[in-house]
Amino acid sequence: VPAAPPAPLGCDDPESEAAAEVAVNYINARSHHGYKFALNRIEDVHVVLQGKGNYIMILELDLLETKCPILSPTPLANCTVRSFAEHAVEGDCDVKLQKLNGTISVLASKCHSHADSREDIRRICPNCPLLARLNDTEVLETVSAALNDFNSKTTGPYLRLLEIGRGQIQYHPAHIIAVEFAVGATNCSAEEAKVNVGACQLLPEDQSNFGFCTGTVVKSPSQDLNVDCQLYGHQVRTPDIPLLCQDTS
Amino acid sequence: PVTKRAVAEAAQHDKVPRPVGFVPPPPPCPGKIRHFDI
């Protein structure tokens, strides 16, 4: 007699939530860019019996971007979800998992992320800064000015840009550009970089030291620049997570 | 008319009596929102 089909799972059942946690950790562990994502809602769950103690689970997940860069050692549970007024970014993921004798593992995942619509933000918060394109001229200029300013004052290693994570531009009541970007320590001190910056390369993987910077430029009514960078210190990478791709976007 | 009435009455008896204050369980999906809905 064929095994009875598994009882339909609810999206808030403990088993669905356990599978969703495995899926979200998998997605974050294999992402190379941007920020960590946290679970916001389990949209749907399907279970297919494969055999005794062997199930395939298909989850449709609704995630939200957190403020933790993907390279940050901060545990996901301590990462704050970016609020609606900070122009939230949503991730929609379809994940296929296997539950074999009680152990859940991810077989495949496909995700798509998108920022909340500008109209939604404008309707509720007319003066909130909106996300700009990462290659927006003012964003690029602000990142460059902020990193140069930090490197000109730091007593630590010279930092190179890894990628721009986010850029927001506000026009009222002041014209402010706020940026967030990932950086890596190089084999130069800031002083050495002043002499020959071309020789300053990112540290090799076994000494890598990544970090994150936030910067703001006020263009009007006054002129001001603020930047803050934090290095994470060397992190031992778990073997199954591929190295951060070295391209700088 | 007798048939109709009989069917109507039968249907009425078949209907499962709901206990007072019965709240149907929430639909199994989508699940709860943990932060906010975009």
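Key figures for this structure:
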| item | result |
| --- | --- |
| Rounded FRET efficiency, nearest 0.05, which uses the C-beta distance separating A:Ala85 from A:Val236 and R0 of 30 Å | 0.20 |
| Over the protein assembly as shown: helical MRE at 222 nm, DSSP H runs n ≥ 4 each giving -39500 (n - 2.57), nearest 500 | -6500 deg cm²/dmol |
| Folded to 0 to 90 degrees: helix A:14-29 orientation relative to chain A principal axis, Cα | 30 degrees |
| Shape box of the protein assembly as shown [Cα atoms, principal axes, largest first, Å] | 102, 50, 27 |
| Radius 15 Å from Cβ of A:Leu159, net charge of other residues (Lys, Arg +1; Asp, Glu -1) | -3 |
| Rg ratio (alpha-carbon, reference 2.2 N^0.38 Å) - the stretch A:1-110 | 1.16 |
| 0 to 90° range, to nearest 10: angle between helix A:137-153 axis and chain A longest Cα axis | 70 degrees |
| Total formal charge among the other residues, if their Cβ is under 13 angstrom from that of A:Ala7, Lys/Arg +1 and Asp/Glu -1 | -2 |
| Over 24 Å between alpha carbons, listed pairs A:Lys67/A:Lys110; A:Lys52/A:Lys96; A:Lys67/A:Lys96 | A:Lys67/A:Lys96 |
| Modelled FRET efficiency - R0 45 Å, A:Val195 with A:Glu17, Cβ distances, 0.05 increments | 0.20 |
| Length gained when the stretch A:Asn127-A:Thr74 is fully extended (0.36 nm per residue, less Cα-Cα span) | 16.0 nm |
| Linear extension gain, A:Leu225 paired with A:Leu100, 0.36 nm per residue minus alpha-carbon span | 39.5 nm |
| Taking chain A and dividing mean pair separation by its residue count, relative contact order in percent (alpha carbons under 8 Å, at least six apart) | 13 percent |
| Estimated distance in nm for a label pair at A:Leu49 and A:Glu205, the labels positioned 7 Å out from Cα along Cα-to-Cβ | 4.4 nm |
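Taken together, the values in this text are just the output of simple stated rules run on the coordinates, not laboratory data. Computed from a predicted structure; not experimentally measured. With ideal geometry, Cβ positions are generated from the backbone for all residues, glycine too; neighbour counts draw on all protein chains shown.
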